[in-house]
Amino acid sequence: MDALKQYLFNKTDVRKITAHVMTENKDSGSVLIKNGFEAKWKDLTEGWGFEAPVRVDKYILKK
């Protein structure tokens, strides 16, 4: 993940990366936190193309 962050922040004009993780997937959220992301929004509803909406947590990493 470090190589991707370095590339996006140093070689492009990206200033912010957001990640959307299913609320029930706590391990993925933990990985994001360990990589510098901040938990911004919890337990939101999004349509991901499944039969029912998905509950998600959103994380953000700023340059």
Task: Selected residue (only one of ASP43, ASP27 is exposed (fewer than 11 other Cβ atoms within 10 Å of the Cβ), in a strand (DSSP E or B) and not polar (S, T, N, Q)) - done: ASP43
- [ ] Select from segment 4-24 the residues that are more than 16 Å from GLU38 (Cα to Cα), of a type outside the set (A, V, I, L, M) and not in a helix (DSSP H, G or I) and list them in ascending order.
- [x] THR12, ASP13, GLU24
Task: Within segment 46-63, tally of residues that are within 23 Å of VAL31 (Cβ to Cβ) and in contact with a strand residue (DSSP E or B) (Cβ under 6 Å, 6 or more places away or on another chain) - done: 11
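Output the residue which, of all residues in segment 2-17 that are surrounded by 12 or more Cβ atoms within 10 Å (Cβ to Cβ) and β-branched (Val, Ile, Thr), is farthest from LYS62 (Cα to Cα).
Going residue by residue through segment 2-17, those that are surrounded by 12 or more Cβ atoms within 10 Å (Cβ to Cβ) are 5, 8-9, 14, 17.
Cutting the leftovers down to β-branched (Val, Ile, Thr) gives us 14, 17.
Values: VAL14: 9, ILE17: 7 Å.
Out of the qualifying residues, it is VAL14.
None of the figures in this text is laboratory data; all of them are computed from the coordinates on show. These figures come from a predicted structure and were not determined experimentally. Every residue, glycine as well, gets a Cβ built from its backbone with ideal geometry; the counts of neighbours run over all protein chains shown.
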